[in-house]
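Bear in mind these aren't lab numbers, they're just calculated from the coordinates by the rules spelled out. Worth saying up front: this structure is predicted, and the values here are computed from it rather than measured. Cβ placement follows ideal geometry from the backbone for every residue including glycine, while neighbour counts extend to all protein chains displayed.
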Amino acid sequence: MPLNSIQALQLTLVVISLLFAGACFLGWRLFGRPKHALIWSVAFLLAALQYGLNLLRDEVPVYEAWWIAVNSLSCLLVMTAAAGHRVRLKLPTPLSMGVLVFAGLSAAQVVFTVLVPRIDIRVALAPGFACIAFMHVAWVLYRYGPEPRLAQQVAAGVHLLFGLAQGLAAGIALQFGLEPSQGQRDAYNLVNFALMPTFFVAMGITAIFLLGTDLATRLRQLAVTDSLTDLSNRRGFMQASARLLAQAQRRHQALTLVIADLDFFKRINDRFGHAVGDHALVHFSTTLASGLRGEDVAGRIGGEEFAVLLRGDVSDARRVVARLREILVQQPMSVAEEVVPLSASFGIAEWQGEAQIEALLIRADRALYEAKAAGRDTVVLASPGEAAGAMAAAS
Ligand SMILES: Nc1nc2c(ncn2[C@@H]2O[C@H](COP(=O)(O)OP(=O)(O)OP(=O)(O)O)[C@@H](O)[C@H]2O)c(=O)[nH]1
C-alpha cells in the first residue's frame, strides 16, 4: 500500500524517535548512568510507539479504541519526558502523582470519545496537557537549572515554543464545536504536522545537548575537586581564589589567606594505617569547611596541606583557626576507641593588594614554615614586611 505524505512523515518520526531513544540510552550508558537519560530514552521509545500507532490507524477496526490508545500514549510520553527533566534537576517526582494524572487523562479520553462524544474536547485534551507540561518544563529549566546557563536557556526556550505550539493546537481544536470546518481541520493539521514535528526534533536535540553539557560540567568539576575530601584541589583552589581576588579588588574588600598543614601526619599513617590517615584528612577538611561562609574558598592544596581564602581581615581568620583548633581538641577522631591525635600548624597572610594569589601563598607558606619550626600546633601571622612573627602558640 503506498504511503501518503502524512504517513511518510509519521514513519520518519518513528525513525527519528528511535534515534533519539538510542542516543539517550547511549548517554545513559556512557555518561555515568544519569537516571534522566534513561527516562528520556523511554519517552522517545513511547514517541516511536505513538507515531507507529498513528500509521496503523486504518488497520485498527475500532476507531475509538485506536484514538484513546494514541492519545493516552501521547500524554504518557509527555509526562515521561517532563519527569526526566524534574529528575535531572533533582526536583521531587512522585510516581503516584504521575499515575493519577495519567489515569485522569485516559478516563477523560474515554468519556469524551465514547460516553459523551465531543470532538473538540477529545482532540484538545492531549495537546492541552502537553502545553501545560512543556510550559512547566520550560519554567523549571529556567528557574532551577544548574550551570551551564546557555544549555538550560536553549532547552527552556525550545520547551516554551513547543508548549505554545501545543496550546495553539488545543485552542484550534476547542473551536471545532460539534464538527470542524475544513478551514479548522487545515489549521489544526498545519500545527500538528508542521510545527509539532519541528519542535519534537528540537526537543530531542536539546535533550542530547543537555546530556553532553552536563557531562562536560561534571568533568570540569572533577578536574578541580579533590576526590578524598570533596574540597577543591590545588588547581580548583587557585582558580576560585583568583576569582575572589579579582572581586575583592573591584570592591575594595579585605581578604586573608590561611594555610594549614597537619602535624606529624606521617606518624598517623604509620601507626594507624593509610585508611585512618585518609579518614583524618576528611575529618580535618569537614571541620575546616563547616566553619566557613559561602563566599570563602577552601581547598586541599597538597597531601596534608589545606588553604582557605577568607573574605575578611586577620581577626576573622584567627576566629576560624581558633574554632577549628578547639574542635580538633574537644572532638578528636578515634579509631577502635583509641584517640587519633590531630593537630595542625597554620600560616596566615593578609592580602595587601597583590595582583596574584601566588604572591599571597608564598607569604602564608613562609609563616607556616615558621609555625612548623616553632614546634607545630601553632599559628603564625606573616608580617606585612614578609617577615613572620609568632602569633600564638598552643599548649
Ligand atoms: N593517608 C594519606 N596520607 C597521605 C596522603 N597524602 C599525603 N599523605 C602522607 O602525608 C605524609 C606527610 O609527611 P611529611 O611531609 O613528612 O609531614 P608530616 O609527617 O605531617 O610532618 P610535618 O608536616 O613536618 O609535621 C606522608 O607520609 C604522605 O604519605 C593521603 O591522601 N592520604
**Request:** Give the distance, in whole Å, between the Cα centre of the stretch 3-35 and the Cα centre of the stretch 200-227.
**Result:** 19
**Message:** Let me check against my output: what whole-number percent is the relative contact order of the stretch 255-375, with C-alpha pairs under 8 Å and at least 6 apart?
**Reply:** 36
**Asked** In whole Å, what is the distance between the alpha-carbon centres of the stretch 309-387 and the stretch 173-190?
**Response** 75
**Asked** Where in the chain are the DSSP H helices whose C-alpha atoms run 18 Å or more along the long axis and whose mean Kyte hydropathy is at least 1.0?
**Response** 5-30, 35-55, 95-110, 119-144, 149-174, 196-223
**Beta bridges per DSSP with both ends in the chain, % antiparallel, nearest 5** = 90
**Request:** In a Gaussian network model over the chain where Cα atoms closer than 10 Å are linked, find which of GLY302, GLY212, GLY347 has the largest mean-square fluctuation.
**Result:** GLY302
**Request:** With label points built 7 Å along Cα→Cβ from the Cα atoms of ARG243 and ASP270, find their separation and express it in nm.
**Result:** 4.1
**Message:** Of the candidates GLN249, GLN109, GLN166, which one comes out as most mobile in a Gaussian network treatment of the chain with C-alpha springs shorter than 10 Å?
**Reply:** GLN249
**Request:** Sequence neighbours fewer than 8 away in the same chain don't count; with that in mind, list the lysines whose C-alpha is under 25 Å from LYS90.
**Result:** LYS35
**Asked** Applying 1/(1 + (r/R0)^6) with R0 = 35 Å to the Cβ-Cβ distance of VAL329 and ALA254, what FRET efficiency is obtained, to the nearest 0.05?
**Response** 0.80
**Asked** How many nm is it between the label spots at GLU338 and ARG218, if each spot is 7 Å from the Cα in line with the beta carbon?
**Response** 4.0
**Asked** Expressed as a rounded percentage, what relative contact order does the chain have, with Cα pairs under 8 Å and six or more residues apart?
**Response** 11
**Message:** Suppose a student asked you for the relative contact order of the stretch 5-223, using Cα pairs under 8 Å spaced at least 6 residues apart; what percent would you report?
**Reply:** 19
**Item:** FRET efficiency for GLN182 and LEU115, using Cβ-Cβ distance with R0 set to 25 Å, rounded to 0.05
**Value:** 0.35
**Message:** Under the rule a/c < 1.5 gives rounded, and otherwise a/b versus b/c splits prolate from oblate, where does the stretch 60-191 land using the Cα gyration tensor?
**Reply:** oblate
**Asked** GNM on the chain, C-alpha springs below 10 Å: top fluctuator among SER315, SER72, SER343?
**Response** SER315
**Request:** Could I get the Rg over Rh figure for the stretch 234-393? Both from C-alpha atoms, Rh via Kirkwood, rounded to two places.
**Result:** 0.97
**Prompt:** Reachable lysines from LYS266, Cα under 29 Å, same-chain residues fewer than 8 places away excluded?
**Reply:** LYS372
**Three-way shape call for the chain based on the alpha-carbon gyration tensor, with the a/c threshold at 1.5** = prolate
**Asked** Taking a spot 7 Å from the Cα of LEU164 along the direction of its beta carbon, which residues of the stretch 119-148 have an amide N less than 19 Å from it?
**Response** 127-143
